[in-house]
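Data block below; observations after.
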Amino acid sequence: MTALTLSTAAAPGLRADAIVIGVAKGAQGPVVAPGAEAVDKAYDGKLAGVLETLGASGAEGELTKLPAPAGFKAPLVVAVGLGAQPADKDGEDGEDGGPGYDPEALRKAAGVAARALAGSKKAAFALPVDSPGAIGAIGEGILLGAYSFDAYKGNGQNGGNGRARNGKAPLAEAALLGGKPRDAAHKGAVARAVAVCEELNRARDLINTPPNDLTPAAFAGIAQTAAKEHGLKVQVLDEKALVKGGYGGILGVGGGSAATPRLVKLSYTHPKAVKHLAFVGKGITYDSGGISLKPAGHNETMKCDMSGAAAVFAAVVAAARLGLEVNVTGWLALAENMPSGSAVRPGDVLRMYSGKTVEVLNTDAEGRLVLGDALWAASQENPDAIVDVATLTGAMMLALGSRTFGVMANDDAFRSAVHEAAEEVGEPAWPMPLPEHLRKGMESSVADIANMGERMGGGLVAGLFLREFVGEGITWAHLDIAGPAFNEGGPFGYTPKGGTGTAVRTLVRLAELTAAGDLG
């Protein structure tokens, strides 16, 4: 992964392959953002005009390259768009950048630049730095933007995060100009960015790994290795243990595959913790739809159906690496949903771990079945809150698109807190309701509940189903990340093509807020 350093060096004398600066979209044209004063001075204060001549406007995601001015040791200046220039208190564009650039704007700009600088050994980032938060955002953008997954290309050596991108290795080192190497807050911001992004990129690796290599057992093995490395407790229930425990949902979904299911419990504890969070992740390592087979054209990316479990796994490890004063338990419900003679059939009735029976009307509505068992298992420890994460419904994609996940909860205040945490870290989310009238559509004549209900509002129906398996009195939220979990289009900002690792930062932020006593 790209190495992050803090530097107080002046841009002209810094040995690097490129100097990255920010340019904002002002009322009268592009505006050079704070941090690039030395670069602008070297252009006789006319850098904004030069950039405008080259077609730059400062729009978000825009990138312009130009030769560095005479006297600079770096040969290249990379100007990256920050979007609209922040306004002063009077509402006018501020000459000095106003009250400061939004962290997400910095994150996206840094990601665009880092991706464009693949193959470079070192780049200096002279973006606006007015707080440790800005340093952390820029660092995150660099580390996430530089990501590539090339484990299965070329000679196949090693894999995933930090490998060659079209023959070019990711940016090797990024110096954050304006950052103070001896400042505890600045160093802490970089350390946090590294811990969170390394784990988020590990989640991306898992999502991108082909399902013939990432079976439930293989995923469980990776979790065991990480637990040993970071001092976590881990428990893996294999098929025999699941049968003995009565985990009918997980067993039913995984029954059609030769790759048997697993339920993994990862536990991080802190001696000073007074709160306990439980994260539950859907881990369908491949989803064919089962007997209710998906139509042609809908199977190719179904390796990503374990994105929720990947996010939970990454978040628990990140919490441990950050030493947060909160106990965090992660539950990974892992199975492969395949059609075969032993697969669950439409019309079958499963007895869940909670004892409740479910009539399976659609075997492609399998995520809620494995989550039902895991939610009930998590509930038995009576945590202060449970958050589940799942690529659960196509209906949520229809409702919110491909970049926003839905948030449902059994408590309005908690739903708002989760939504705010997601927006704070730059993960677009939207609060969704759980309309009681939709519960009636899941009534079954042969079981306690059916796994399908009304077609309209299908994402909300799925949330209502999951609520049935949350212990009484436990605060719970459900994140349906079906849209943003896997990017089938081109990269943008710091988001790559393929697995995105969405929800990792939201879960980590929730753990931080809980540790600080700011989340209920």
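The values are calculated or read from the model by the stated rules, or taken from the named source; none is laboratory data. Just so you know, these numbers come straight off a predicted model, no measurement behind them. Glycine gets a Cβ as well: all are built from the backbone with ideal geometry, and neighbour counts include every protein chain shown. Side chains included, ligands, DNA and RNA excluded: accessible areas come from the protein's heavy atoms. Shrake-Rupley method; radii C 1.70, N 1.55, O 1.52, S 1.80 Å.
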Original post:
Residues in region 266-293 that are out of contact with any Phe, Trp or Tyr (no Cβ under 6 Å at 6 or more places or on another chain) and open to solvent by less than 10 Å² (accessible area, probe 1.4 Å): how many?
Top reply: 13
Original post:
Out of curiosity, is Ala24 touching a residue at least 24 places away in the same chain (Cβ under 8 Å), of a type outside the set (Phe, Trp, Tyr), assigned to a loop (DSSP other than H, G, I, E, B) and surrounded by 18 or more Cβ atoms within 10 Å (Cβ to Cβ)?
Top reply: no
Original post:
So, in region 35-45, of the ones that are surrounded by fewer than 21 Cβ atoms within 10 Å (Cβ to Cβ) and part of a loop (DSSP other than H, G, I, E, B), which residue ends up farthest from the chain's Cα centre (by Cα)?
Top reply: Asp44
Subject >> Scope region 485-520; condition part of a loop (DSSP other than H, G, I, E, B), open to solvent by less than 10 Å² (accessible area, probe 1.4 Å) and under 21 Å from Ala114 (Cα atoms); matching residues >> reply: Gly501
Subject >> Qualifying positions in region 309-319 - closer than 16 Å to Leu375 by Cβ and either open to solvent by 10 Å² or more (accessible area, probe 1.4 Å) or in contact with an Asp or Glu (Cβ under 9 Å, 6 or more places away or on another chain) (or both) >> reply: Val312
Original post:
With respect to Val461, is the statement that it is buried (at least 19 other Cβ atoms within 10 Å of the Cβ), under 29 Å from Arg192 (Cβ atoms) and hydrophobic (A, V, I, L, M, F, W, C) true?
Top reply: no
Original post:
In region 3-21, how many are under 11 Å from Ala123 (Cα atoms), surrounded by fewer than 23 Cβ atoms within 10 Å (Cβ to Cβ) and either touching a Phe, Trp or Tyr at 6+ places or on another chain (Cβ under 9 Å) or aliphatic (A, V, I, L, M) (or both)?
Top reply: 3
Original post:
Out of Ala482, Ala477, Ala447, which single residue is part of a strand (DSSP E or B) and touching a strand residue (DSSP E or B) at 6+ places or on another chain (Cβ under 9 Å)?
Top reply: Ala477
Original post:
In this structure, does Ala462 turn out to be more than 30 Å from Pro103 (Cβ to Cβ) and not in a loop (DSSP other than H, G, I, E, B)?
Top reply: yes
**OP:** Go through the residues of region 69-88 one by one and say whether even a single one is at pLDDT 95 or above, out of contact with any Leu (no Cβ under 8 Å at 6 or more places or on another chain) and more than 18 Å from Pro30 (Cβ to Cβ).
**Re:** yes
**OP:** Could you list, in sequence order, all residues of region 157-196 that are of a type in the set (A, V, I, L, M, F, W, C), buried (at least 20 other Cβ atoms within 10 Å of the Cβ) and modelled with pLDDT under 95?
**Re:** none
Subject >> Whichever residue in region 425-461 is in contact with a Phe, Trp or Tyr (Cβ under 8 Å, 6 or more places away or on another chain) and touching a residue at least 24 places away in the same chain (Cβ under 8 Å) and, among such residues, is farthest from Val407 (Cα to Cα) >> reply: Ile449
**OP:** Restrict the check to region 366-383 and report whether at least one residue is among the basic types (Lys, Arg), closer than 25 Å to Glu488 by Cβ and out of contact with any Pro (no Cβ under 7 Å at 6 or more places or on another chain).
**Re:** yes
Original post:
Hey, does region 394-416 have a residue that's surrounded by 19 or more Cβ atoms within 10 Å (Cβ to Cβ), touching a Leu at 6+ places or on another chain (Cβ under 6 Å) and assigned to a loop (DSSP other than H, G, I, E, B)?
Top reply: no
**OP:** Hey, can you tell me all the residues within region 197-238 that are part of a loop (DSSP other than H, G, I, E, B) and either open to solvent by less than 60 Å² (accessible area, probe 1.4 Å) or among the polar types (S, T, N, Q) (or both)?
**Re:** Thr209, Pro210, Pro211, Asn212, Leu214, Thr215, Leu232
